[in-house]
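Just below is one structure, and these are the notes that go with it.
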Amino acid sequence: MFAALSEKHEHKKVLPDLEKSEKGVVMRFAPNPSGPLHIGHARAAALNDAYVKQYGGRYILRIEDTDPKRVDPDAYEMVVEDLKWLGLGITETVTQSDRLPLYYDLCKQLIERGGAYVCTCDNEHFKELKQAKTACPCRDQPVEKNLAMWQKMLDHGYKEGEVSVRIKTDLNNPDPAMRDYPAFRILDSPPHPKVKAHVYPLMNFSVVADDHFLGVTHVIRGKDHIANTRRQRYIYDHMGWQVPVYRHYGRMGIEGVVLSTSQMRLGINDGTYSGWDDIRLGTMRALARRGISPEAVKNAMLAIGIGDTDISFSWDNLYAENKKIVDPTANRYFFVPDPIEITISGAQKHTAHAMLHPGDAARGTRTLEFDGTVLIPNSEITPDVTMIRLKDLFNVNVTWDHGTPSFTFAGDSLADARAAKARIIQWLPVQQAVPCKLLTPDGEMTGACEPQVKTALGKVVQFERVGFVKIDFVDADGVKAYFTHK
RNA sequence: GCUGCUAUAGUGUAGUCCGGCCAAUCAUGCGGGCCUUUCACGCCCGCGACUGGGGUUCGAAUCCCCAUAGCAGCACCA
């Protein structure tokens, strides 16, 4: 019995082992602060987090803000908030714009070692040379000249676009992407929101510097970085440093939501979206607003794993994870979409006590008073219907006269309703009905819900027979809810 | 064009490194049933895949070659 249980437990999916992890790991999540985090980020963030938790160690948040064109000052805060929401075990945070002197110093060292040079070739020209596996004239300049030019760069003796620092690689590398790639550039505008600078490192340079000096041991990132990994290798070799262990997972296609930060920002600015948490977006805050729990996001990402196959993200699988988390906790309430009012003859006043959760009687009940007239979903009354049961109340006969239904009390017996295969439907007393809007991906449902729903602001509840919803807004006029999933 | 990565059911995933125990795992989805005062949860049954073609081998999802498809890189973005 116990053996069977534990055996089943061991079958729980775990991530594949990482080599060189015996003494713990140091990993990092390194977003560009151009906006809030979205599902794409969540994969890298959750995977790295899971490994740090599995092996123990440090988890560094590194804000990569070395391109002032792609920095949103608000994003620094948003990224931290989103990670906090996800519940990741970040142990320290660094921001690259705080570390420019470190990069400058390393660049100087690299030049001294003959591993980099200052290049004044224009882009197009260099591209041609690169394709032809030919060295550009700057490549063979003496170290002293490179150092002087580098100092002139730092002294702002060059304008934007005039020079760059290149890493010496191997011009005969069959992959043109590897040949003498750039490491620093000059940018006169726009100004960086956090630091006064004009010489900026490019990603492949600052990443190596930080991974090395921060002691990063393992890097898990998308396979769009696989070429960068190979490029970065040259710097490690020039410096005689040891490279981290890398894993590159495949591309993840995500349907149904907008993920591009620039597109999102555009839509927000022109009013198409209400904000970063508009539920049509794929941001963490949008998911949160729709009632997706952070655990569900993490579990879904771990289930996907670090495979290098390109995959398409499945909302169904995310919803299934979320339901596991939300179903045991969500209170049940009635929501009547597109309601019609019906009067039931022959019935005494009744008080219905419906359970807040069918699996947890201790949680208690909510009380609905029946006194003759109720709201039910319009769609339930079709000409083939002869009996319905109002859930937790009683049965109702439906009789038809020239297409007009009338309703009469048909007894309390649940067994009768079952025997008659009557549908058990949600309902609301007219007096207790609170106007409620339910926003779904397919549009808006208008209806009414129980008064108690107003106390569930910010929570996920289940509207019985409709699905799980997040109560987003409550005021004197009613309730607004977002559909999470069935 | 050049360079590289990948290819298991609708979706995700295990197995591939070290060929046989794989007539291929688990989850999700879908269909059916049971349970149940929800179309939720739970339980049971079922559906559904090794991209194609060659080769090696007694034996291939697993190794090799070719083809096809997808993806990524060849930015003074990350």
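The values are calculated or read from the model by the stated rules, or taken from the named source; none is laboratory data. Worth saying up front: this structure is predicted, and the values here are computed from it rather than measured. Glycine also receives a Cβ, built like all others from the backbone with ideal geometry; neighbour counts cover every protein chain displayed. Only protein heavy atoms, including side chains, enter the accessible area calculation; ligands, DNA and RNA are left aside. Shrake-Rupley method; radii C 1.70, N 1.55, O 1.52, S 1.80 Å.
Counting only DSSP beta bridges with both residues in the range A:134-285, what percent are antiparallel, rounded to the nearest 5? Before the final figure, lay out each step's value.
On the way: 6 of 12 bridges.
Percentage antiparallel, nearest 5: 50.
Could you sort A:M445, A:M149 by accessible area so the largest value comes first, with the probe set to 1.4 Å? The partial results should precede the final answer.
Values: A:M445 70, A:M149 20 Å².
Accessible-area ranking of A:M445, A:M149, largest first: A:M445, A:M149.
Roughly how many Å² is the accessible area per residue of chain A, as a whole number, for a 1.4 Å probe? Intermediate results must be reported in sequence, preceding the final value.
On the way: 23070 Å² over 486 residues.
Ligands and nucleic acids excluded, the result is 47 Å² per residue.
From the phi of every residue in the range A:85-93, what ³J(HN,Hα) in whole Hz does the Karplus formula 6.51 cos²θ - 1.76 cosθ + 1.60 yield, where θ is phi - 60° and glycine or proline is x?
4, 5, x, 8, x, 5, 9, 7, 10
If a paramagnetic tag sat 7 Å from the Cα of A:I268 along the Cα-Cβ line, which residues of the range A:33-59 would have the backbone N under 17 Å from that point?
Output list for this probe position: A:33-42.
Check which residues have an amide H placed less than 5 Å from A:Y246's amide H, if you skip close sequence neighbours.
When sequence neighbours closer than 5 places are left aside, the close amide H contacts are A:V219.
To check you understand DSSP bridge types, tell me what percent of the beta bridges within chain A (both residues inside) are antiparallel, rounded to 5. Mind showing how you got there, number by number?
Details: 54 of 82 bridges.
Taking every DSSP beta bridge within chain A, about 65 percent pair in antiparallel fashion.
Mind pulling the angle between the C-alpha long axis of helix A:226-239 and the longest principal axis of chain A? Nearest 10 degrees, somewhere in 0 to 90.
The angle comes out near 40 degrees.
Measure off 7 Å from each Cα along the Cα-to-Cβ vector at A:D175 and A:H350, then give the distance between these two points in nanometres to one decimal.
Calculated label separation equals 7.1 nm.
Based on the Cβ-Cβ distance from A:I325 to A:Q242, what FRET efficiency comes out when R0 is 56 Å, to the nearest 0.05? List each step's numbers first, then the result.
On the way: r = 41 Å, r/R0 = 0.73.
Approximately 0.85, to the nearest 0.05.
Leaving ligands, DNA and RNA out of it, report the carbon-plus-sulfur percent of the accessible area of chain A at a 1.4 Å probe.
Working: 11900 of 23070 Å².
Summing carbon and sulfur atoms, their accessible area is 52 percent of the total for chain A.
Spelling out what I want: for every residue of the range A:376-389, take phi, set θ = phi - 60°, compute 6.51 cos²θ - 1.76 cosθ + 1.60 (Karplus), and round to whole Hz; glycine and proline get x.
9, x, 4, 5, 6, 9, 10, x, 8, 8, 10, 8, 10, 10
Tell me the label-point distance for the pair A:T367, A:L414, using the 7 Å Cα-to-Cβ offset, in nm and rounded to one decimal.
2.1 nm
Using modelled backbone amide H atoms (1.01 Å from N, in-plane), which distant-in-sequence or interchain residues come within less than 5 Å of A:Y273's amide H?
Residues meeting the criterion, in which the H sits 1.01 Å from N, are A:I268.
At a threshold of 8 angstrom on Cα-Cα distance, excluding pairs fewer than six apart, so keeping six or more, what relative contact order does the range A:106-201 reach in percent? Spell out each step's value before the answer.
Details: 137 pairs, mean separation 26.7, N = 96.
Relative contact order of the range A:106-201: 28 percent.
Computed over the Cα atoms of chain A, what is the convex hull's projected area averaged over all directions, in nm²? Let's see the in-between values first.
Details: hull surface 124.5 nm².
For chain A, averaging the hull's shadow over all directions gives 31.1 nm².
Can you give me the solvent accessible area of A:F483 with a 1.4 Å probe, rounded to the nearest 10 Å²?
Looks like 40 Å² after rounding.
Any idea how far apart A:E444 and A:K20 come out in nm if each label point goes 7 Å out from Cα toward Cβ?
5.7 nm
Enter the accessible area of A:K20 (Å², nearest 10), with the probe set to 1.4 Å and all protein chains included.
Roughly 120 Å² of A:K20 is accessible to a 1.4 Å probe.
In sequence order, what are the phi-derived ³J(HN,Hα) couplings for the range A:118-132 according to the Karplus relation 6.51 cos²θ - 1.76 cosθ + 1.60 with θ = phi - 60°, rounded to whole Hz, with x for glycine and proline?
Along the range A:118-132, the couplings run 8, 10, 10, 5, 7, 3, 4, 5, 4, 4, 4, 4, 5, 4, 8 Hz.
Based on the mean of other Cβ atoms within 10 Å per residue, sort peptides A:332-341, A:211-220 so the most packed one is first.
On the way: A:332-341: 20.6, A:211-220: 19.1.
Ranking, from highest mean packing down: A:332-341, A:211-220.
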